[in-house]
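Okay, so here's the structure we're looking at.
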Amino acid sequence: MRYGIIHSIETCGTVDGPGLRFVVFTQGCLMRCLYCHNRDTWDMETDKSRKITVDELMQQVIQYRFYLKATGGGVTASGGESLLQPEFIRDWFVACKAYGIHTCLDTNGYARHYDKTLEELLDHTDLVMLDLKQLDNEIHKKLVGVPNNRTLMFAEHLQKRNQLTRIRYVIVPGYSDDDHSAHLLGQYIAPMDNIEKVELLPYHELGAHKWALCGDTYQLEGVHPPPKETVEHIADIIKSYGKEVMH
Ligand code: SF4
């Protein structure tokens, strides 16, 4: 029986897709965002992670399905990076769709293989929420620890598939709160008709304590959430490229 390695489950999530969400946070991520608020999900296995089969997961999801549907919600695969366990997420989403449950893939786009598994996963995904962290590759490398080429390849794959996608953009002071970065994002997504909207997420420090628990130094110490005016200004820039923005 195939199993996934997960960090945790949230049964009534309100920020990971439309309506109320049953959210599974998978273990493992190959990015190293300076602001990561889930630092404890980076390794594939930890002493707190656990294995779960799709059947075990569905026994829980089914209990919530009418509640989720009534709110216009569903399930969300988040992380960590859920695309690092594509077979597990595919099988879970196939099982959810058999019950008519809305599925959402929350991802940084770090797909390793463009194969049948990924296509089947996307075929059973109602909404992709894709993090585009920074279009300027040099800043991306500083902010995220890896280049942005894999994420952009994934974004363009979604465009070719005409896959309904919401872009998530974290506004990090000093890294992605400037006009140039916002224009780069707006220009990049302007021709992508599959994008339903852009969600702006102001940087916050809530996950900083997890870095210390993992024995790491939080490098954004002293960086504070951006002011409301900055968020609104970035929203206006992205809107000028014809995209709906929520924040
Ligand atoms: S992609 Fe997400 S989980 Fe991975 S390091 Fe960045 S914020 Fe953390």
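Structure summary
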item: Test: residue in region 21-29 that is farther than 28 Å from residue 140 by Cβ and either within 13 Å of the chain's Cα centre (by Cα) or of a type outside the set (Ser, Thr, Tyr) (or both); result: yes
item: Members of region 93-117 found to be among the hydrophobic types (A, V, I, L, M, F, W, C) and over 18 Å from residue 160 (Cβ atoms), listed by number; result: 93, 94, 95, 96, 98, 101, 104
item: Total residues in region 8-57, condition open to solvent by 80 Å² or more (accessible area, probe 1.4 Å), more than 13 Å from the ligand (Cβ to nearest atom) and in a loop (DSSP other than H, G, I, E, B); result: 5
item: Among the residues listed as 87, 119, 138, the single one being in a helix (DSSP H, G or I) and in contact (Cβ under 8 Å) with a residue 60 or more places away in the chain; result: 87
item: Leading residue by the ranking (nearest to residue 192 (Cα to Cα)) among those in region 118-132 that are open to solvent by 20 Å² or more (accessible area, probe 1.4 Å) and within 16 Å of the chain's Cα centre (by Cα); result: 131
item: Residue within region 156-172 that is under 15 Å from the mean Cα position of the chain (by Cα) and open to solvent by 30 Å² or more (accessible area, probe 1.4 Å) present; result: yes
item: Residue that is farthest from the ligand (Cβ to nearest atom) [pool: residues in region 72-81 that are surrounded by 14 or more Cβ atoms within 10 Å (Cβ to Cβ) and part of a loop (DSSP other than H, G, I, E, B)]; result: 73
item: Test: residue 68 is surrounded by 21 or more Cβ atoms within 10 Å (Cβ to Cβ), more than 27 Å from residue 198 (Cβ to Cβ), of a type in the set (A, V, I, L, M) and away from the ligand (no atom under 16 Å from the Cβ); result: no
item: Long-range neighbours under 7 Å by Cβ, at least six apart or interchain, first residue part of a helix (DSSP H, G or I) within region 203-216, second open to solvent by 70 Å² or more (accessible area, probe 1.4 Å); result: 211/217
item: For residue 115: the one exception among (1) away from the ligand (no atom under 16 Å from the Cβ); (2) surrounded by fewer than 16 Cβ atoms within 10 Å (Cβ to Cβ); (3) within 23 Å of residue 42 (Cα to Cα); result: (3)
item: Qualifying residues in region 133-154 (those that are touching a helix residue (DSSP H, G or I) at 6+ places or on another chain (Cβ under 9 Å) and over 19 Å from residue 180 (Cβ atoms)) - the one least open to solvent (accessible area, probe 1.4 Å); result: 154
item: Evaluation of residue 128 against (1) more than 26 Å from residue 205 (Cβ to Cβ); (2) within 15 Å of the ligand (Cβ to nearest atom); (3) assigned to a helix (DSSP H, G or I) (one fails), failing number; result: (3)
item: Index of the failed condition, residue 5 passing every other in (1) within 16 Å of the ligand (Cβ to nearest atom); (2) assigned to a strand (DSSP E or B); (3) of a type outside the set (Asp, Glu); (4) under 21 Å from residue 64 (Cβ atoms); result: (4)
item: Residues satisfying the stated conditions in region 142-198, i.e. in a loop (DSSP other than H, G, I, E, B) and of a type in the set (Asp, Glu); result: 177, 178, 193
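The values are calculated or read from the model by the stated rules, or taken from the named source; none is laboratory data. A quick note: this is a predicted structure, and the numbers were derived from the prediction, not measured. When we count neighbours, we look across all protein chains shown, and the Cβ atoms used for this are built from the backbone with ideal geometry, even at glycine. Heads up: the accessible areas ignore ligands, DNA and RNA and are worked out on the full protein's heavy atoms, side chains in. Shrake-Rupley method; radii C 1.70, N 1.55, O 1.52, S 1.80 Å.
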